[in-house]
Amino acid sequence: MIDRNEVAKILSVCVRKLQHPRLTFHQFSAFTQRYLERYLEEQPHLGELRDNTAQKLHGYLGRLEEDGVCTLVRNGEAITEIIYTHYYIAIVEKAYEKLHQRPDLLFPTEESLGLDAPEHIIVPVDITGDLVTWLERSEGPPRLLRLIFPDNVPGIIVTSNLLGRRIIPTALQRIRLYFRSERNANYMHTKLRVVFRGREMALRELINGILTNPDSVLSSVLEPDEFSFYFWAQLTNMLVKEFQQKKERLPEEEAVLQASHLVGYHAVFYKGRQQRNRDEELARKILERHLNRPPYAFSISEIYSFSDDKGVPITKNLSHERIQTYLKEHAQRESEDSLSEIVRVRTHQNKDYYIRKEFVIPAVSSGVNQAAEEFKRLIVQHWTAVLREDNKMRAMSEDDAFERLLETNLKARYPVTAALLNPGLLLLAERETADGGSNARAVINRVVDRKATELRPIAEILQLDRKQLYEDARLMLPFWQVVPGLAAVVRVIKRFLFGAPEGRAEHRQEKAADSAMVLNADDTARTQATAPGGANVSEERSGRPAASGTPSVRYQKAIRDLKREYLGPDGDIDAALTQLIERWNPLLDPTAKHNLVEDVNALVRDFLRRMRVLNRNMPPDKSRLRSLAEQLAKNDAFSEIKRRQELQRYLELYMLKLLSRKR
C-alpha cells in the first residue's frame, strides 16, 4: 500500500497543471492514469494505482480529506468534485511572507487576494474569544481562518499555521510604522511614562526595540515578564482607544488597530500559558513530594486527591489527563531487565497502584512487618475463640492450610504488599536503587529464595510459626480446657445440663473452608464468640435468649433502631446504597465506576478507624452519623463528585452498614 502523501503529490501536480484548485473526480482520475504512464518506471511503487484506479483513489482521497489536504463534494457515496484546500492556504501564506518583507502593505483579506475559496472551508474566529482555542491547537491540518475584530474593525484572512510566532512579527512591523512618525512616538511615549513612573529606562529600551528591530522584542510578547506584559497591555489598549472612536478611519489606521488587537490578545494568551506552566510545574513537584512519602504506593484516585500544604488539590492546576500522562511517561521501562522510575503494580482485586522504584523494598519491609504483627494478634484472638467453643481449624494443625490462610488474608488486608511480593521485581529493585545495602539485602533474603529465584512461603516471610501461635491461643483458655481429663468432664456435664450443641455441620464446613477465611478485627476481638449459624454462643449453649442487658444486645438494638430511622421497618440497606451509587457516581465505564465506589468505601473505613468509632460500645446516633458524613464529604478526594447531597446520604448509610457488622 502506497503512502497517501504520494496521492497528495499527484493531486498537487494536477492542480498546478490546471491552474485552479477545483477539479472533477473524472479529471483527477484521468490525470493520474497519464501520470502513471509517464513516471511508473521511475516510481514502480505507484503500480498499485494502475488497476482499479478510480476505486483506489476514492479511499486515498477520503484520508486526504481527513488530513485537511482537500475537501470532497459527493453525490451519495460517489466523489464528484475535489477542492484542493492547500492551494488557498499556499496563497495566504505567500501573502504574509510578502507582507513581512513589505510592512507598509495592508493585512490580506479575501477581496485583496481575490480568494474564491468555498465558504465552508473558511473558519470564522472571533479574536476576543476563539483565538485561544486555535493558539492551544497543536495538531491537525492547517485551516483557513477569518479573524473577526471588535468595534467594526475589518477582518483579515490567515491560516492556523500563521497564528502565534509567525504573525506577531508582522503585527509588530505595523506598530513600528506608527512609531516611526516622531509625533506619534513622542505622544505615546508621554502617555506611557505616566503609567510607568520609575521604569523610564526599561520603557525606552522596549520602544527603541520596536523602532530599530521589531523582531528583537518578539520574546517580550511570547515569553513576557511582568513589566513587558504590562507594557504591551497598556500600549495596545492606548492604540485601540486612539482609533476606535474615529468614525472614518484610513486603511493604515485600521491596520494599526488590527495589529494592536493581534499583539494584545497574543500577549494575554502567552502570559496566561506561562502562569499555567508555572502552576503545573509546582503541582508536579507536589505530586512528586507525595510519591516520596509513606505509604509510597498510591492508587490513581489517591493521587488525584493529593494537595499542597494549604489543602488545595493538585488537580486544580494539573488535570487528570496530565497526571495520567506523567505516570505513563515515568512508568515506561527502557528494557525488560530494568525498572521504570515509577512502578505500576496490580493487586489481587485488579486495582493499579503506583510506587517509585526506590521505595519498593522499603514498602515491602514495612508492609510485611505490619502484616506479621497484625496477623499474629488476629490469629491468636480468633483461634482462642474457636478453641473456647471446643472447635478446631485445619490451619491450626496443617501447614498447607495455615499457608493458605495467610495468603488469603495478605491479599485481602495488605493487597499492595502482596502485589509487590514478586521475586523479579524485588531483585531488580535491589540492583537499581541506591538502597542496596545490608538492610535491603536482609529484606530480600527474608522474602526471596535467591538460589531458586522464587518467593519463600508466606509463613516464613511473615515469620509466623503455626505451632507457636496455637500454643499462644491455648494459653488464653481457662485452665480446665487445657487439662485433657478435666476438659472432657466439663463437656459431659455441659451436654447433660444444656443438651448437645447445635450447628456441628456448620462447624465442619467452617473447618473445611477455614484456610480461605478473611480475619476480621471486630470478630476476633470478641470474648463471646458467635456460632457459625449466626446465634450467640451463650444463647446456643443454654437454649435461653441472651440477657437483654448485655452490651452486645444493647448495641444491636441501637443499630436496628438506626436502620428503622433511616430506612423504615422493611428497608434494605444494600438496595438503598445501590440506588444512591447510581445518583452520585457519574462514571459510565463499569470498571471505573466500581473502582470509584471501592475508593470511597475505603476512605469511609479509614475515617471510622481514625475516629475510633468502631471501637465503642454503642453506635453513634443519627445526628452524629450525619455530622461524621458531612466532615468526611469535605475531603478533597470527593471534589470531582457534584451531587453532594446523594454522596453524603451514601456515606451515612455505608457507615451504618459498617457499624452493623460489629457484634
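Table for the structure above
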{"quantity": "Separation of the R564 and S623 label points, Cα + 7 Å toward Cβ, nm", "calculated": "2.1"}
{"quantity": "Average accessible area per residue (Å²) across the chain - probe 1.4 Å, nucleic acids and ligands excluded", "calculated": "54"}
{"quantity": "Solvent-accessible area of Y470 with every protein chain in place, 1.4 Å probe, in Å² to the nearest 10", "calculated": "40"}
{"quantity": "The chain: relative contact order in percent, alpha carbon pairs under 8 Å with at least 6 residues between", "calculated": "8"}
{"quantity": "Carbon and sulfur %, accessible surface of the range 267-417 computed with the full protein complex present, 1.4 Å", "calculated": "44"}
{"quantity": "FRET efficiency, 1/(1 + (r/R0)^6) with R0 25 Å, evaluated for E111 and M238 via beta carbons", "calculated": "0.25"}
{"quantity": "Centre separation in Å (Cα based) which lies between the range 361-400 and the range 67-127", "calculated": "76"}
{"quantity": "Degrees separating the helix 53-66 axis from the principal Cα axis of the chain, which is the longest one", "calculated": "80"}
{"quantity": "Listed residue pairs exceeding 28 Å between alpha carbons, taken from K411/K557; K351/K467; K411/K451; K328/K451; K411/K593", "calculated": "K411/K557; K351/K467; K328/K451"}
{"quantity": "Computed [θ] at 222 nm, helices only, for the chain once each DSSP H run of length n ≥ 4 contributes -39500 (n - 2.57)", "calculated": "-19000 deg cm²/dmol"}
{"quantity": "Spin-label pair S639/T133, simplified geometry with 7 Å Cα→Cβ offset, distance in nm", "calculated": "2.7"}
{"quantity": "Rel. contact order, % - alpha carbon contacts under 8 angstrom, at least six apart, the range 123-194", "calculated": "23"}
{"quantity": "Neighbourhood net charge (13 Å Cβ-Cβ; Lys/Arg +1, Asp/Glu -1) for L72", "calculated": "-2"}
{"quantity": "On Cα atoms only, tilt of 484-498 relative to the major axis of the chain in degrees", "calculated": "90"}
{"quantity": "The range 189-259: proportion of alpha-carbon pairs further apart than 16 angstrom, %", "calculated": "54"}
{"quantity": "Computed magnitude of the charge dipole of the chain (debye, nearest 20; Cβ of K, R +1, Cβ of D, E -1)", "calculated": "2440"}
{"quantity": "Over the range 313-415, volume per residue of the alpha carbon convex hull, in Å³", "calculated": "156"}
{"quantity": "With all protein chains modelled, accessible area of I2 [1.4 Å, Å²]", "calculated": "20"}
{"quantity": "Within the accessible area of the range 64-223 (1.4 Å probe), percent carbon and sulfur", "calculated": "46"}
{"quantity": "Charge dipole of the chain about the Cα centre (unit charges at C-beta), most positive-ward option of T417, Y230, A576", "calculated": "A576"}
{"quantity": "Nearest-ten-degree value, helix 360-388 long axis tilted from longest Cα axis of the chain", "calculated": "30"}
{"quantity": "Percent of beta bridges antiparallel (DSSP, the chain, rounded to nearest 5)", "calculated": "85"}
{"quantity": "Relative contact order %, the range 69-119, counting alpha carbon pairs below 8 Å whose residues are six or more apart", "calculated": "24"}
{"quantity": "Correct option for Rg and Dmax of the Cα atoms in Å [calculated from the coordinates] among (1) 30.3, 100; (2) 38.0, 120; (3) 27.1, 96", "calculated": "(2)"}
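The values are calculated or read from the model by the stated rules, or taken from the named source; none is laboratory data. None of these values were measured; they are calculated from a predicted model. When we count neighbours, we look across all protein chains shown, and the Cβ atoms used for this are built from the backbone with ideal geometry, even at glycine. Each accessible area value is taken on the protein alone, full model and side chains, heavy atoms only, with ligands, DNA and RNA left out. Shrake-Rupley method; radii C 1.70, N 1.55, O 1.52, S 1.80 Å.
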